[in-house]
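Student: The structure is given below, and queries will be raised subsequently.
The values are calculated or read from the model by the stated rules, or taken from the named source; none is laboratory data. Computed from a prediction, not measured in an experiment: that's the story for all the values here. Cβ placement follows ideal geometry from the backbone for every residue including glycine, while neighbour counts extend to all protein chains displayed. Side chains are part of the model used for accessible areas, which takes the heavy atoms of the whole protein and leaves out ligands, DNA and RNA. Shrake-Rupley method; radii C 1.70, N 1.55, O 1.52, S 1.80 Å.
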Protein chains: 2
Amino acid sequence: MMTESRSATVVVDAVGGDFAPDEVLSGVALALASDSSLRVVLAGPAEVVEPFASREGDRVTALVTTQVIEMDEHPASAVRTKKDSSIVAGCRLVKEGGADAFFSAGSTGAAMAAATLVMGRIPGVMRPAIATVIPTAGAPTVLLDVGANADCKPEYLVQFAQMGAAYASIVLGAHAPRVALLNIGEEPTKGSTLAIEAHRLMAEQVAGFIGNVEGRDVLAGEADVIVTDGFTGNVALKLLEGTSKALLGQVKDAMTSSAMNKAAASVLKPSLQRLKDRLDPDTYGGAPLLGVSGVCIIGHGSSKSKAVCNAIRVAAQAARGGLTEHIAEAVSAN
Amino acid sequence: MMTESRSATVVVDAVGGDFAPDEVLSGVALALASDSSLRVVLAGPAEVVEPFASREGDRVTALVTTQVIEMDEHPASAVRTKKDSSIVAGCRLVKEGGADAFFSAGSTGAAMAAATLVMGRIPGVMRPAIATVIPTAGAPTVLLDVGANADCKPEYLVQFAQMGAAYASIVLGAHAPRVALLNIGEEPTKGSTLAIEAHRLMAEQVAGFIGNVEGRDVLAGEADVIVTDGFTGNVALKLLEGTSKALLGQVKDAMTSSAMNKAAASVLKPSLQRLKDRLDPDTYGGAPLLGVSGVCIIGHGSSKSKAVCNAIRVAAQAARGGLTEHIAEAVSAN
């Protein structure tokens with residue numbers, strides 16, 4: 001893509017995630033190999049980041065930090081007290097203009113708190129939201145909020161729609177994104193008080209609004225962006241992951257329940273593997289925190305090198321496409 | 001089962017559902033054949049119910065009605081104006097003691113409105129809720145509310161827990177049902193204002209409360225009852241149905257993508273069919289509306305004879321087990 005010719009610098013948290021630092025470093029190497037204009041600032045302890053930086057040459061810079069935020073720490077207080085952690089120092093570098101984007105597969109709460117507190121919100125944004133990209137039968141769909149805001153007001157959902165549309169357009173290449181509201185009926189008058197009022201506001205203020213979609217439509221690929229509150233979105237995302245895992249596991253069990261089944265299954269393996277790959281969330285490489293002043297992509301704790309690589313590529317693409325500026329413009333238009 | 005020896009009379013809406021009356025009548029015949037102490041009152045137009053009743057003999061009575069509530073009518077106003085519809089007349093018969101339970105695969109909204117307005121609420125119940133039984137890897141799980149109450153207060157969720165536990169115990173045979181709250185984190189302090197307060201109340205007031213479960217745990221079979229508000233529950237149920245359908249469809253596509261795949265798939269067919277049967281919601285035959293003064297089971301609009309049969313059996317079982325009395329006792333204990 002043409003945009004890849006423009007340089008982009010992504011800060012990567014070297015010690016975030018269940019498989020850090022090894023899988024993170026492998027992912028960085030993959031990303032560098034796939035995009036020659038990419039630069040990486042690797043944040044973490046000296047013994048992790050310095051050897052890698054000197055091995056990789058001038059496209060990788062080491063950002064040595066002395067503190068580590070653990071997965072079980074209280075996010076906001078960890079961010080306040082551990083200013084020299086990879087997460088806080090990484091977000092600060094973006095804030096100060098030393099990098100274009102930040103990626104971590106560490107504590108979601110801490111990354112969210114650091115990005116919000118250190119980078120700050122984009123002027124006009126009421127609440128940053130976490131988005132996720134869902135593979136569907138058609139084009140992928142951006143679902144948000146998936147957990148940043150358990151309690152929402154209708155006007156937050158309007159901004160989630162605008163931020164999600166900016167992301168779908170810049171990162172997924174959706175032209176004139178179709179935006180839907182997750183609800184429990186098709187009619188505008190259906191749903192909770194929140195959903196009914198959000199529908200009314202979205203119909204007035206959101207370009208490309210196509211109305212309500214129901215739970216059964218989430219995988220249909222009929223919308224580029226699906227908006228909901230962070231409680232419903234989080235339940236929906238985890239249910240989707242849980243159902244896919246349970247069903248594919250049960251299909252696998254059925255296929256290995258006898259020698260004859262196993263033989264038959266081996267014939268089908270390549271086709272089923274392609275299906276599994278297509279449903280693999282790693283393809284989309286992480287969840288963007290939308291609404292903060294800087295690109296911030298948060299990876300699954302279980303991210304392996306492929307997911308890390310894709311997340312870094314997505315971070316660079318969002319930065320090159322001017323995601324932050326597009327969101328600022330979209331929310332200030334109302 | 002011993003309980004089946006006790007007589008139970010179920011009113012069946014002969015004209016409710018996409019495949020009525022044919023599949024409804026076949027379902028009634030199947031249910032009668034499987035339970036010799038079952039009696040059915042068949043509600044609907046004379047030309048549908050009378051020939052069937054005279055053919056089936058003295059275990060089926062015709063309840064001739066002259067009005068029909070269509071799927072697209074406004075539920076509450078249809079119930080108020082069409083007092084001689086199968087749905088309203090059926091609920092009235094239960095209210096007056098002429099039958100023990102009511103089943104319809106017609107308009108969910110109308111059945112819910114009729115049951116609530118005609119049968120009335122069980123004293124002490126704040127809001128009736130619709131429950132659904134989800135097949136899991138382990139024991140089936142009762143999920144509620146799946147759509148009756150889009151906006152909920154924490155104290156409603158406490159009662160949903162009590163009502164769901166009564167259902168799990170009577171209909172699914174769960175001893176000391178484990179009750180969980182659907183939430184977006186495991187800790188009691190996680191979630192929306194509603195979820196946090198509901199957790200606090202449930203911990204105090206609900207027997208067998210095991211804490212929060214997340215979306216990914218819904219299919220794990222770790223709880224006999226999972227409680228949530230009607231908005232989240234409806235999104236979750238439809239997402240579950242949509243995901244299962246999409247995934248099994250994609251597995252099928254992968255299996256028929258070449259002649260060799262087709263041959264291999266034919267070997268696997270029996271194993272996969274068993275999996276499909278196990279996941280089939282028709283096994284549990286309909287969603288109970290809990291909290292009204294009488295047993296009311298609402299079927300999917302797409303119910304075929306097997307689903308109708310199972311729903312009627314479930315209705316009879318709930319009536320024989322004293323579901324209404326158990327719920328009255330559970331909610332009055334607080």
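Student: Quick one: which strands (runs of 3 or more DSSP E) lie wholly within the stretch A:84-188 and hold at least 3 residues that are under 30 Å from B:ALA195 (Cα atoms)?
Tutor: A:129-134, A:141-144, A:179-182
Residues are listed down the side, and each one gets a yes or a no for (1) at pLDDT below 95; (2) within 29 Å of A:ASP151 (Cα to Cα); (3) crowded, with 19+ Cβ neighbours inside 10 Å:
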{"site": "A:HIS199", "(1), (2), (3)": "no, yes, yes"}
{"site": "A:ILE210", "(1), (2), (3)": "no, yes, no"}
{"site": "A:GLU222", "(1), (2), (3)": "yes, yes, no"}
{"site": "A:MET255", "(1), (2), (3)": "yes, no, yes"}
{"site": "A:ARG274", "(1), (2), (3)": "yes, no, no"}
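Student: Considering the stretch B:122-160 alone, what residues qualify as being more than 15 Å from B:MET112 (Cβ to Cβ) and within 12 Å of chain A (Cβ to nearest Cβ)?
Tutor: Result: B:ILE134, B:PRO135, B:THR136, B:ALA137, B:GLY138, B:LEU143, B:ASP151, B:CYS152.
Student: Next up: How many of the residues in the stretch A:213-236 are more than 30 Å from B:PRO270 (Cα to Cα), more than 7 Å from chain B (Cβ to nearest Cβ) and touching a residue at least 60 places away in the same chain (Cβ under 8 Å)?
Tutor: Number satisfying all stated conditions: 11.
Student: Which residue is nearest to A:LEU144 (Cα to Cα), if the candidates are limited to the stretch A:182-197 and must be facing chain B (nearest Cβ under 9 Å) and either without any contact (Cβ under 8 Å) to a residue 24 or more places away in the chain or β-branched (Val, Ile, Thr) (or both)?
Tutor: Applying the filter and picking the extreme gives A:ALA195.
Student: Being within 17 Å of B:GLU325 (Cα to Cα) and of a type in the set (Val, Ile, Thr) is the filter here, so list the residues in the stretch B:169-185 that pass it.
Tutor: Scanning the stretch B:169-185 gives B:ILE170, B:VAL171.
Student: Which of the residues that make up the stretch B:1-57 are open to solvent by less than 80 Å² (accessible area, probe 1.4 Å), within 15 Å of B:ALA311 (Cα to Cα) and of a type in the set (Gly, Ala, Ser)?
Tutor: Within the stretch B:1-57, B:ALA8, B:ALA14, B:GLY16, B:GLY17, B:ALA20, B:SER26, B:GLY27, B:ALA29, B:ALA31, B:SER34 qualify.
Student: While we're looking at this one, here's another question. From (1) within 22 Å of A:TYR167 (Cα to Cα); (2) surrounded by 17 or more Cβ atoms within 10 Å (Cβ to Cβ), pick out the condition that doesn't hold for A:MET126.
Tutor: (2) is the only condition that A:MET126 fails.
Student: Still on this structure, please answer the following. Anything in the stretch A:258-295 that is of a type in the set (S, T, N, Q) and farther than 21 Å from B:GLN250 by Cα? List them, or say none.
Tutor: A:SER258, A:SER293
Student: Assess whether B:SER85 counts as being free of Cβ contacts under 8 Å to residues at least 60 places away in the same chain, of a type in the set (S, T, N, Q), out of contact with any His (no Cβ under 8 Å at 6 or more places or on another chain) and closer than 30 Å to B:ASN234 by Cα.
Tutor: yes
Student: From the list A:VAL64, A:VAL60, exactly one residue is more than 18 Å from the chain's Cα centre (by Cα) and open to solvent by less than 40 Å² (accessible area, probe 1.4 Å). Which is it?
Tutor: Being more than 18 Å from the chain's Cα centre (by Cα) and open to solvent by less than 40 Å² (accessible area, probe 1.4 Å) holds for just one of A:VAL64, A:VAL60, which is A:VAL60.
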